[in-house]
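A.B. asks: So that we are looking at the same thing, I have put the structure below in structure tokens.
The values are calculated or read from the model by the stated rules, or taken from the named source; none is laboratory data. Keep in mind it's a predicted model, so treat the numbers as computed, not measured. When we count neighbours, we look across all protein chains shown, and the Cβ atoms used for this are built from the backbone with ideal geometry, even at glycine.
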Amino acid sequence: MSSPSASADIVRAPQHLAIVMDGNGRWAERRHRPRSFGHREGQKALRATLEYCLRRGIKALTLFAFSSENWRRPEEEVGALMQLFLKALDREVDELHGHGVRIEFIGDLSAFSPELQARMHKAMEKTRANTALLANVAVNYGGRWDIANAARLAAEAVARGEIEAASINENLLARWLALSGQPPVDLFIRTGGELRISNFLLWQLAYAELVFIDTLWPDVDAAVLDDCLNEFTRRERRFGQTSAQVVAGSGQGVA
Ligand code: FPP
């Protein structure tokens with residue numbers, strides 16, 4: 001992996017960064033190439049982002065790689081993405097493991113081919129003990145699915161007599177959500193110019209700072225990420241308190 005390039009402006013790096021990697025298709029179409037070419041190029045930006053997070057000491061990175069709605073895309077594009085995921089798992093896992101990256105897949109994995117599921121589980125098992133960076137890859141993921149899934153798991157725990165229905169509150173329900181036990185997402189970035197969350201981490205983004213940029217995903221590099229982190233540094237995070245309270249130093253995060 002490449003060497004560091006520090007920016008003096010970033011005084012407060014986020015602990016947990018979540019990214020909607022949008023714009024691969026447009027990037028390719030502008031070059032009169034098939035959309036799958038854009039997804040392949042997108043992998044380079046993904047690698048650069050992982051390197052960047054390792055360098056900056058960011059503890060967790062959550063990437064939206066394939067939404068539960070992406071199955072609606074043309075069969076050819078879905079097929080190309082599945083091939084890309086398979087190849088990436090073959091090619092990248094060992095190197096990421098060597099850099100201490102823990103890989104987690106979040107989402108309903110049961111919809112993928114047995115081969116892909118097996119490789120995803122293998123990657124998770126292999127990297128489970130790593131601590132340099134937690135890379136969550138959201139596949140067949142939707143924020144509504146995540147919340148409904150947590151509610152179902154809570155209902156099952158009630159049915160087994162393990163918890164009382166009356167004890168279900170935000171903290172308890174969060175145990176069954178994806179990213180449970182991880183640092184809260186504090187910076188969300190969406191590339192590609194759309195101003196939407198698109199059913200990504202609906203619950204987990206409650207207190208995240210949202211940054212939307214026009215850059216298409218394959219064009220993302222360390223300089224673009226530095227700009228986003230600088231923007232994060234400039235934001236005042238109040239977590240429901242007043243600005244005066246935050247300035248006085250009593251502003252403790254609730255997220
Ligand atoms: C959104 O761009 C991107 C995706 C649906 C796929 C993201 C996949 C990658 C970055 C490839 C590498 C990923 C892994 C985990 C190996 P879009 O197709 O919606 O672009 P558009 O908005 O320009 O059409």
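A.B. asks: Specify which of the listed residues (R56, R91, R33) is closer than 30 Å to P114 by Cα, of a type in the set (K, R) and either touching a residue at least 12 places away in the same chain (Cβ under 8 Å) or surrounded by fewer than 16 Cβ atoms within 10 Å (Cβ to Cβ) (or both).
C.D. replies: Among R56, R91, R33, only R91 is closer than 30 Å to P114 by Cα, of a type in the set (K, R) and either touching a residue at least 12 places away in the same chain (Cβ under 8 Å) or surrounded by fewer than 16 Cβ atoms within 10 Å (Cβ to Cβ) (or both).
A.B. asks: Taking the residues in region 211-254 that are in contact with a Lys or Arg (Cβ under 6 Å, 6 or more places away or on another chain) and away from the ligand (no atom under 16 Å from the Cβ) as candidates, determine which candidate is modelled with the highest pLDDT.
C.D. replies: The qualifying residue modelled with the highest pLDDT is T233.
A.B. asks: Test A150 against the stated conditions and say whether it is at pLDDT 95 or above, in contact with a helix residue (DSSP H, G or I) (Cβ under 7 Å, 6 or more places away or on another chain) and either closer than 30 Å to L86 by Cα or in a helix (DSSP H, G or I) (or both).
C.D. replies: So A150 passes the test.
A.B. asks: Take region 59-72 and flag every residue that is buried (at least 16 other Cβ atoms within 10 Å of the Cβ) and either among the aromatic types (F, W, Y) or more than 19 Å from the chain's Cα centre (by Cα) (or both).
C.D. replies: Passing the criteria: F64, F66.
A.B. asks: Something else now. Which one of these does T49 not meet: (1) surrounded by fewer than 18 Cβ atoms within 10 Å (Cβ to Cβ); (2) within 12 Å of the ligand (Cβ to nearest atom); (3) touching a residue at least 60 places away in the same chain (Cβ under 8 Å)?
C.D. replies: Only one criterion in (1) surrounded by fewer than 18 Cβ atoms within 10 Å (Cβ to Cβ); (2) within 12 Å of the ligand (Cβ to nearest atom); (3) touching a residue at least 60 places away in the same chain (Cβ under 8 Å) is unmet by T49, namely (1).
A.B. asks: Just to check your reading of the model, which residue among A129, A155 is in contact with a strand residue (DSSP E or B) (Cβ under 8 Å, 6 or more places away or on another chain) and of a type outside the set (V, I, T)?
C.D. replies: When all the criteria are applied, what remains is A129.
A.B. asks: Oh, and also: Give the residues of region 181-202 that are over 22 Å from L216 (Cα atoms) and touching a helix residue (DSSP H, G or I) at 6+ places or on another chain (Cβ under 6 Å), sorted by residue number.
C.D. replies: Passing the criteria: only L202.
A.B. asks: Might you check whether a residue that is free of Cβ contacts under 8 Å to residues at least 12 places away in the same chain and more than 16 Å from the ligand (Cβ to nearest atom) occurs anywhere in region 136-149?
C.D. replies: For region 136-149, residues free of Cβ contacts under 8 Å to residues at least 12 places away in the same chain and more than 16 Å from the ligand (Cβ to nearest atom): present.
Every residue, every condition in (1) more than 12 Å from the ligand (Cβ to nearest atom); (2) under 17 Å from M21 (Cβ atoms); (3) at pLDDT 95 or above; (4) part of a helix (DSSP H, G or I), yes or no:
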position	(1), (2), (3), (4)
C53	yes, yes, yes, yes
I58	yes, yes, yes, no
F64	no, yes, yes, no
E76	yes, no, no, yes
Q83	no, no, no, yes
E92	no, yes, no, yes
I103	no, yes, yes, no
S110	yes, no, no, yes
